[in-house]
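Structure first, commentary second.
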Amino acid sequence: MALRLLSRKRNGPQTRQQRRTAKHTAAQAPPYESAEPLTFEQDLLRRDLQLERYGIIVANRNRWKTHPDGETIYRSALQAIDERFALVPEGFVSLPQTVIDAPGCPEVDVETQPFLLSRYNVTNRQYQKFVDDDSYANLELWDEDTWPHLIDFKDPTGYPAPRFWQNGRHNQPLADHPVVGICSYEALAYARWAGFRLPTEAEWQMAASWRVRTAAHVLRRYPWGDALDTQRCNIWASNIGTTVPVDAYESGQAPNGVYQLIGNVWEWTSSEFNVTDDEGNRVVGDMLMKAIRGGAFDTYFSAQATSLFRTGLASLARCHNIGFRCVLDLGDRSQ
């Protein structure tokens, strides 16, 4: 059910002309340009700053009190968080509980507390640092029940990395594009490694719909307003056909400056995807499903690229059009 929502698919086998066109397109694609390896700082605290593990630095301030640059690096991490994260105020959301979100269908109201949300999706460049820090071998970052699956989290050349990388390196021209080809567990591990977490589904919807508690009782269908505008997001109707850098579509920002909550890539959340059919029977998959939100560059039906549309995907899926962004709780960013 969920897979059908992620992209437009052709019906039936490809024709000879379609196969010939696909082969020609592949032949014309530019060669893969592997990103250069990183040279790590020897000092562990400076290395964390280099790796952009800002949440870890802030949370462990006291550990580095005797470090000669401890306070300076701590302030640098705080500044980076202030620049890269935006405040989502207190609010509430209504999550439909049936597959078909028809008027009058059962809903669950969820209160959300203020939190900090990354203004951008995690990029290939940022995820490369996670890979280069040998994080796929660091079992402390992974839930124990995911350990048997780590052997499958590889690129086509056999390196621990996102599905579409080569030799454990991202494609340099796509350095500032959202990382894709990672499952929900990889997204969770990165967030832990950096000192952050993934948003819940309710938090994601709050950020996109901006349903703050005011007398106006505002509920936005899109982060920028109530009308679809393909000049503000990257979906099928935008005619881009691939991902774009995470800082594109400035006009599509939410009121607090968060980019691309709609379009470019779907986004993993930490929430399980729980819905029922029209008769109240729970919809289940062959494996645990996690909620994904927001639509992607190949989302054909515009009704699926809104702040309110719900869907889910198998937690181990490593698709070409799903990325993620991080959250920092306000209590974790202290002066």
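The values are calculated or read from the model by the stated rules, or taken from the named source; none is laboratory data. Please read all numbers here as calculations on a predicted model, not as lab measurements. FYI the Cβ positions are ideal-geometry reconstructions off the backbone, even for glycines, and counts take in every protein chain you see.
Residues that are without any contact (Cβ under 8 Å) to a residue 60 or more places away in the chain and under 12 Å from Ser302 (Cβ atoms) were ranked within the stretch 205-231; the one that is surrounded by the most Cβ atoms within 10 Å (Cβ to Cβ) is Thr230.
State all residues of the stretch 181-232 that are aromatic (Phe, Trp, Tyr) and assigned to a loop (DSSP other than H, G, I, E, B); if no residue qualifies, say none. Give the derivation first.
Initially, the stretch 181-232 is screened for residues aromatic (Phe, Trp, Tyr), giving 185, 190, 193, 196, 204, 210, 222, 224.
Listed by number, the residues that qualify are Phe196, Trp210, Trp224.
For Asp278, the conditions (1) farther than 15 Å from Pro96 by Cβ; (2) at pLDDT below 95 all hold with the exception of (1).
Give me the helices (runs of 4 or more DSSP H) completely within the stretch 24-140, filtered to those with at least 2 residues that are under 23 Å from Trp268 (Cα atoms) and in contact with a Gly (Cβ under 6 Å, 6 or more places away or on another chain), ordered by residue number. So that I can check it myself, show each step before the final result.
Numbers: elements: 44-50, 54-59, 70-84, 124-132.
Ranges flagged: 54-59.
Which ones in the stretch 146-180 are in a strand (DSSP E or B) and surrounded by fewer than 24 Cβ atoms within 10 Å (Cβ to Cβ)?
From the stretch 146-180, those in a strand (DSSP E or B) are 154, 160, 166, 169, 171, 178; that's our starting set.
Lys154, Pro160, Gln166, Arg169, Asn171, listed by residue number.
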